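The values are calculated or read from the model by the stated rules, or taken from the named source; none is laboratory data. Here the structure is a predicted model, which means the values were calculated and not measured. All Cβ positions, even for glycine, are placed from backbone atoms using ideal geometry, and neighbour counts span all protein chains on display.
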Amino acid sequence: KGVIRLEALTRSYGATTAVDGVDLTVRAGELVTLVGPSGSGKSTILRLIAGLDRPDSGRVLVDGADVAGMPPHRRAVAMVFQDYALFPHLTVLGNLTFGPRVRRVRRAEADRRARQAAQRLGIADLLDRYPDQMSGGQRQRVALARALLRDPSVYLLDEPLASLDAPLRFATRADLLTLHRELRTTAIHVTHDQHEAMTLGDRVVVLAEGRIRQVGAPQQVYDE
Ligand code: ADP
Ligand code: ADP
């Protein structure tokens, strides 16, 4: 569960070809880091995998199914954004139970799962806080807990550490790795930080101008 295949994936915006014929297979349980300069097409690839955007040509298969033809509730991916995308007017508990409640999970059950996810990410004592009463690192943990609650077969992480200062980024990266080892769920982690790419993934995919320039184990890619 959680195999991603990109086949000749292409997406243009006007005259800009954001993603230009990308082929890639991500194995079940693998953690792939997508690295490249700003504007190289990383976010576009994530949005195409999430089904938030459509390719001009080529396709994205998750476990053999084309995400373009899949209704949103069937897509087994969870996306985590750099800016957390929390609801500002809801507490942590409210943010964590919102999605499950929309999916008609009962209040008591939604609360129970939310507390469990919060426990796992070390934010169990913050359930009554609002987003503006927390640090960037704490907010990102809420965003991760919310992703966890979807129980996805694929996690898509769009620079989740980018807004954090250096020490917090280091700590949160370590927690992300621990979480990944526990869950063994397929994940694609986007970053423009080479050091992060070196220390995070099973494989690194280097993008430039919408094309894959290099794919390999972190050591292999950076020795070249
Ligand atoms: P990255 O995530 O690597 O910074 P993006 O995927 O965001 O790169 O962008 C790749 C290219 O596509 C950039 O040139 C960007 O300006 C362009 N682009 C991305 N999204 C849009 C959009 N919605 N409308 C117009 N251009 C876009
Ligand atoms: P779900 O698991 O159903 O995606 P979420 O809690 O992640 O539950 O979000 C529910 C919906 O609200 C999703 O479509 C999500 O994109 C959207 N959403 C989440 N946070 C925000 C936000 N801060 N602003 C606007 N929309 C949001």
A162 passes all but one of the listed conditions (1) assigned to a loop (DSSP other than H, G, I, E, B); (2) buried (at least 18 other Cβ atoms within 10 Å of the Cβ); the exception is number (2)
Check the stretch 161-173 and report whether any residue there is within 20 Å of K42 (Cα to Cα) and in contact with a Lys or Arg (Cβ under 7 Å, 6 or more places away or on another chain). yes
Starting from the stretch 120-142, take each residue that is over 19 Å from E159 (Cα atoms) and list its partners that are in a loop (DSSP other than H, G, I, E, B) and polar (S, T, N, Q), counting only C-beta distances under 6 angstrom and pairs at least six apart or across chains. D128/T91; Y130/T91
I'd like to check something: does the stretch 93-104 contain any residue that is more than 14 Å from ligand 2 (Cβ to nearest atom), under 30 Å from R54 (Cβ atoms) and out of contact with any helix residue (DSSP H, G or I) (no Cβ under 9 Å at 6 or more places or on another chain)? no
Flag if G21 is modelled with pLDDT of 95 or more, over 21 Å from V154 (Cα atoms), away from ligand 2 (no atom under 16 Å from the Cβ) and of a type in the set (G, A, S): yes
What number of residues within the stretch 127-153 are more than 12 Å from ligand 2 (Cβ to nearest atom) and assigned to a helix (DSSP H, G or I)? 7
Can you name every one of the strands (runs of 3 or more DSSP E) wholly within the stretch 1-96 that holds 3 or more residues which are free of Cβ contacts under 8 Å to residues at least 60 places away in the same chain and either within 12 Å of ligand 1 (Cβ to nearest atom) or surrounded by fewer than 19 Cβ atoms within 10 Å (Cβ to Cβ) (or both)? 4-13, 57-62
Residues of the stretch 66-85 being within 15 Å of R150 (Cβ to Cβ) and either within 11 Å of ligand 2 (Cβ to nearest atom) or basic (K, R) (or both), in sequence order, are P72, H73, R74, R75, V77, A78, M79, V80, F81, A85
Which count do you get for residues in the stretch 203-224 that are surrounded by fewer than 16 Cβ atoms within 10 Å (Cβ to Cβ), outside any strand (DSSP E or B), of a type outside the set (A, V, I, L, M, F, W, C) and modelled with pLDDT of 90 or more? 1
Limited to the stretch 145-176, what total is found for residues that are touching a strand residue (DSSP E or B) at 6+ places or on another chain (Cβ under 8 Å) and either without any contact (Cβ under 8 Å) to a residue 24 or more places away in the chain or of a type in the set (S, T, Y) (or both)? 2
Do you know which residues across the stretch 99-122 are outside any helix (DSSP H, G or I) and at pLDDT 95 or above? R106
Modelled with pLDDT under 90, surrounded by fewer than 23 Cβ atoms within 10 Å (Cβ to Cβ), of a type outside the set (V, I, T) and closer than 18 Å to I49 by Cβ: which single residue out of R150, R169 fits that description? R150
